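Take a look at the structure set out below.
Laboratory data are not the source of any read-out in this text; all were calculated from the coordinates shown. As the structure is a computational prediction, the values presented were derived from the model and not from experiment. Reconstructed Cβ throughout: ideal geometry from the backbone, glycine too, with neighbour counts over all protein chains shown.
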Ligand code: NAP
C-alpha cells in the first residue's frame, strides 16, 4: 500500500487525491494536508461568493475527501514553523505539492504602496473570510475605484464593488464585509487593460454578467474599442476573444441607463504611477498605448489620470517558494517533468507537484483535472521505486509523527464541526451559512473547544 501526502486541499490537491485512489494499478491511501483548518482552497477562498454554481463544486471535492482511502488533515503547515518537506518524506512514500500560487504579482510602478492601494487578492481574501486577510475595508472614503488588469479576478472584484450589499446577503459573505459594502460610497469603478479589448483575459460569461447587474451599468467608449484593429475585424480571433468583442459591442450600443453605479471598461492604458496626496492614493496615471501589430503594445507618450481613492491591482497571482523545494523564480513555479519535481534537472524521488505551483496561475478550475491526472500517473508509474519492500506493513501512522512534531491536525469531523458553526452563525443572523474568518474561532470549532 502506497501512502501519499497531498499538500493543499484546493481543486488541484483534491483532483490529485482522486486520480490516485481511482486508478487500479497500485493500492493507495492519501492524506490531504492543508495549512488551514478548512478544505477546498480557492474554491472556498477565491471563487466569488455570488458565483454559487462554481462554489457548488465543493460538493464534488467533498465526495473525494470523504472517500475511505482519503483522509483530510487541516491546520498542518508544511514549511517554516511546520513540517519540513524532508520530514514528510520520512512518513510518506510520496508527497504531491498542490500549494497553488499564494501571492500576487507586483506592478513595479511608483505609489504602489500608498494607502488605498490593495492587491485584488487582499480584497478577495477579505470578502471570502480568509483567516489571514488583513484588509481594513475602507470603502466609505472612496467614490471612485480603479481596478488594474482585465482578467477574471478583475471582473470578480469589479462586480463585487458594483453590487449593492443587499444583493449579497444570500451568500456566505461575512457580516463585516457586507456592512462595509453597504456603507460603500463607490459609484464609479474603472477596470483598465494595458492592451486592447481583443487581448483581454476575462471570459465572456463573466464579462456579460457585468451588464446584468441590477444597480450598475457598463460604460465603454466605442472609439477606444476601435483603436484595436481586431475590434473592427475580429474574424481571426480565437472564439473566446471573438465573443468578448461581441459582448463589448453590445455594451457600446446600449443607451445610458442612469443607474446608481457605473462600471467603466477602459483599454490601451498602461499604469505609470499611483498618484498620492497626504499618503493616500488620489489617482492612477496611465500612459496611453497603441497596438504594436504583434499582440503587444507600445507607449505613445500621452498620459491620462483617472481619479481613484481605491485601487485594486489585479495583475495575476504568483507562486511562492516552499522552503526545502526547488523554485523557478521567473515563472513562480517548481521545476518539474510531468509532475516529478526536478532537483538540478533530475527527478527527486517521491516529490511531485500539481496545479498552479506546477504550471503557473492560469486556467479555470477544470484545468486542474488533466494536470492532476498527469502527476498522479507519473507517481503511479514510479510506485515500484517508492515503497521499500520492508516498509509495506506495520509502518507508524504519519498522524503520530505530525502530533509528535507538536501539530494538532483538524480532522474531517473537525471541518464538519466548522460547517455546523457557520450554519449556526448564519441562522442567528437570519441568513444561510456565514463564513467564520477568525483563526481562533475556526480552530476552536474544528477541535471541539470553546473559543478563547
Ligand atoms: P490573468 O487572467 O492572468 O489576468 C491578469 C491581467 O493583468 C491581464 O489583463 C494582464 O494583462 C494584466 N497585467 C499583468 N501585468 C500587468 C501590468 N504590469 N500592468 C497592467 N496590467 C497587467 O489573472 P487573474 O485575473 O488573476 O486570473 C488568474 C486565473 O484564475 C485565470 O486563469 C482566470 O481565468 C482564473 N479565474 C477564473 C474565474 C472564473 O472562471 N470565474 C474567476 C477568477 C479567476 P496582459 O494580458 O496584458 O498581461
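Values computed for the structure shown
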item: Separation in nanometres of the label points that stand 7 Å from Cα toward Cβ, at residue 280 and residue 25; result: 6.1
item: MRE, 222 nm, helices only [DSSP H, n ≥ 4, -39500 (n - 2.57), over the chain, to nearest 500]; result: -9000 deg cm²/dmol
item: Separation of alpha-carbon centers, region 18-78 and region 343-386, rounded to whole Å; result: 16
item: Peptides ranked, highest mean first, by Cβ atoms within 10 Å: ranges 28-36, 378-386; result: 28-36, 378-386
item: In degrees, nearest ten, helix 11-22 long axis to first principal axis of the chain (Cα); result: 40
item: Helix 239-253 axis, angle to the chain major axis (alpha carbon atoms, nearest 10°); result: 30
item: Mean Cα-pair separation over length for the chain, i.e. relative contact order, pairs under 8 Å, 6 or more apart, %; result: 21
item: DSSP beta bridges in region 105-316 [antiparallel fraction, %, rounded to 5]; result: 40
item: Whole-Å distance, taken between Cα centres, linking region 130-160 and region 314-339; result: 26
item: Added length on full extension, which subtracts the Cα-Cα distance from 0.36 nm per residue, residue 169 to residue 109; result: 17.9 nm
item: Share antiparallel - DSSP beta bridges, the chain, percent rounded to 5; result: 40
item: Debye log10 I(q)/I(0) for region 105-316, one point scatterer per Cα, at q = 0.11 Å⁻¹; result: -0.50
item: Rounded Å value of the spacing that divides the Cα centres of region 218-280 and region 100-119; result: 23
item: Alpha-carbon Rg with Dmax, taken over the chain, Å; result: 23.4, 75
item: Packing rank of 234-240, 414-420, where each peptide gets the mean count of other beta carbons within 10 Å, highest leading; result: 414-420, 234-240
item: Region 105-316: relative contact order as a whole-number percent, Cα under 8 Å and 6+ apart; result: 31
item: Packing rank of 10-17, 86-93, where each peptide gets the mean count of other beta carbons within 10 Å, highest leading; result: 10-17, 86-93
item: Angle between the chain longest axis and helix 152-162 axis [Cα atoms, degrees, rounded to 10]; result: 60
item: Region 221-335 - percent relative contact order, Cα under 8 Å, separation 6 or more; result: 15
item: Fully extended contour minus Cα-Cα distance, from residue 143 to residue 338, at 0.36 nm per residue; result: 65.4 nm
item: Cα-based shape type of region 306-430, given that a ≥ b ≥ c are square roots of the gyration tensor eigenvalues and the cut on a/c is 1.5; result: oblate
